[in-house]
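Only the coordinates and a few stated rules stand behind these numbers; no lab work does. Fair warning: this is a prediction, and the values are worked out from it, not measured in the lab. Virtual Cβ from ideal backbone geometry, glycine too; neighbours counted across all protein chains shown.
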Amino acid sequence: MVKYARSAAGRGLRVIVAGAGGAAHLPGMVAALTVLPVIGVPVKTSALSGVDSLYSIVQMPKGVPVATVAIGNARNAGLLAIRMLAGCGGDAKLASLMAKFQDDARSEVEEKAATLEEVGEAAYLASSGKKSATVM
């Protein structure tokens, strides 16, 4: 892993996504060995449901930055990596694809909101297979 992390930039990598569970040392170790941005994905564990992984990744020492997403949320890690690659004069195609992704997501939410208002909460939840809405 040390060799992989140290050689990552030289091999053309531009962002590293590292998933880890338990003590979750992998993202921090990689971040300490490369100049590239590192995104840590805490993996859900049986003992503490991934909270131990989350805390391990979030609590990096000064000088070892690791961007961290929610437990088990590799999708957001991928989206964050795309934004890193697309931002600041980066890859214009990725920026365009990200904008389309966001527009599509916005449209989906607006359609769901309109349906919810039209049919009401009970019918909407019944059509989605849920019994009740829970706000956390």
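Remarks
- For VAL30, VAL51, order by how many other beta-carbon atoms lie within 10 Å, fewest first: VAL51, VAL30
- Amide H contacts for VAL69 (H built 1.01 Å from N in the peptide plane; partners 5 or more residues away or on another chain; cut-off under 5 Å): GLY40.
- Top positive-direction residue, dipole computed over the chain with Cβ charges, set VAL17, GLY63, THR115: GLY63
- In order along the range 38-48, the phi-based Karplus estimate (6.51 cos²θ - 1.76 cosθ + 1.60, θ = phi - 60°) of 3J(HN,Hα) comes to 10, 10, x, 10, x, 9, 5, 10, 6, 5, 10 Hz; Gly and Pro are listed as x.
- Full extension of the chain between SER128 and ASN76 yields a length gain of 16.4 nm, computed as 0.36 nm times the residue separation minus the alpha carbon distance.
- Cut-off 15 Å between beta-carbons: net charge of the residues surrounding GLY87, Lys and Arg +1, Asp and Glu -1: +2
- Extension gain, LEU97 back to GLU121 (0.36 nm per residue minus Cα-Cα distance, nm): 5.3 nm
- Using only side-chain charges placed at the Cβ, +1 for Lys and Arg and -1 for Asp and Glu, the dipole size of the range 2-86 relative to its Cα centre rounds to 280 debye.
- Estimated translational D of the range 1-51 in µm²/s (Stokes, Kirkwood radius over Cα pairs; 37 °C; 0.692 mPa s): 289
- Considering only Cα atoms, the convex hull volume of the chain works out to 150 Å³ per residue.
- Simple Cβ-charge dipole of the range 60-136, Lys/Arg +1 and Asp/Glu -1, about Cα centre, in debye nearest 20: 500
- Mean sequence separation of contacting Cα pairs (under 8 Å, at least six apart), scaled by the length of the chain, corresponds to a relative contact order of 17 percent.
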